[in-house]
1. Within the range 80-91, track down each residue that is outside any helix (DSSP H, G or I) and of a type outside the set (K, R).
2. Say whether the condition of being farther than 30 Å from S28 by Cα and in a helix (DSSP H, G or I) is met by at least one residue in the range 67-79.
3. Quick one: in the range 37-68, of everything that is over 23 Å from I16 (Cα atoms) and among the charged types (D, E, K, R), which residue is surrounded by the most Cβ atoms within 10 Å (Cβ to Cβ)?
4. Would you say V45 is in a helix (DSSP H, G or I), touching a helix residue (DSSP H, G or I) at 6+ places or on another chain (Cβ under 9 Å), in contact (Cβ under 8 Å) with a residue 12 or more places away in the chain and not small (G, A, S)?
5. From R58, R47, R29, which residue is among the charged types (D, E, K, R) and on the phi > 0 side of the Ramachandran plot?
6. Write out, first by first residue and then by second, each pair whose Cβ atoms fall under 8 Å of each other, whose residues are 6+ apart or on separate chains, and whose first residue, in the range 1-30, is touching a residue at least 40 places away in the same chain (Cβ under 8 Å) while the second is outside any helix (DSSP H, G or I) and surrounded by 10 or more Cβ atoms within 10 Å (Cβ to Cβ).
Amino acid sequence: MGSLLQQAAPTVIALIVIAALALLWRSSRSIWLTVAIVAELAGLVFRFAVAFMPDVARSMPIFFTLWTLSAFVFAVGLFGYALEQSQKAKP
């Protein structure tokens, strides 16, 4: 049971984050949220690649670099959205 939870939790968390971003995007249509959603989806693709094609992932040295880059782009997108919203909130 613990092993299954450890394997499934990161995927479930990523899906919840994507759903939350999509709900925010519906109301604001921010380009920053679009960037964050696309980057998180890319991260999910990398996660599935590791789960279902571990040999391919290990044989490509750039694989984990690209995965890390997608996480960085996600963070930048989310930060950009936060800045955008904080600027709108100023009187």
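Read the figures in this text as sums done on the coordinates, not as results from a lab. Please read these numbers as outputs of a predicted model, since none were measured by experiment. No Cβ is skipped: glycine too gets one built from the backbone with ideal geometry, and neighbour counts run over all protein chains shown.
1. P91
2. Residues of the range 67-79 farther than 30 Å from S28 by Cα: none.
No: the range 67-79 contains no residue that is farther than 30 Å from S28 by Cα and in a helix (DSSP H, G or I).
3. Step one: of the range 37-68, the residues over 23 Å from I16 (Cα atoms) are 53-63, 65.
Filter again for among the charged types (D, E, K, R), leaving 55, 58.
Numbers: D55: 7, R58: 11.
Filtering the range 37-68 for residues that are over 23 Å from I16 (Cα atoms) and among the charged types (D, E, K, R), the one surrounded by the most Cβ atoms within 10 Å (Cβ to Cβ) comes out as R58.
4. Details: in a helix (DSSP H, G or I): yes; touching a helix residue (DSSP H, G or I) at 6+ places or on another chain (Cβ under 9 Å): yes; in contact (Cβ under 8 Å) with a residue 12 or more places away in the chain: no; not small (G, A, S): yes.
It is false that V45 is in a helix (DSSP H, G or I), touching a helix residue (DSSP H, G or I) at 6+ places or on another chain (Cβ under 9 Å), in contact (Cβ under 8 Å) with a residue 12 or more places away in the chain and not small (G, A, S).
5. Details: R58 fails: on the phi > 0 side of the Ramachandran plot; R47 fails: on the phi > 0 side of the Ramachandran plot.
From the options R58, R47, R29, the qualifying one is R29.
6. L24/S30
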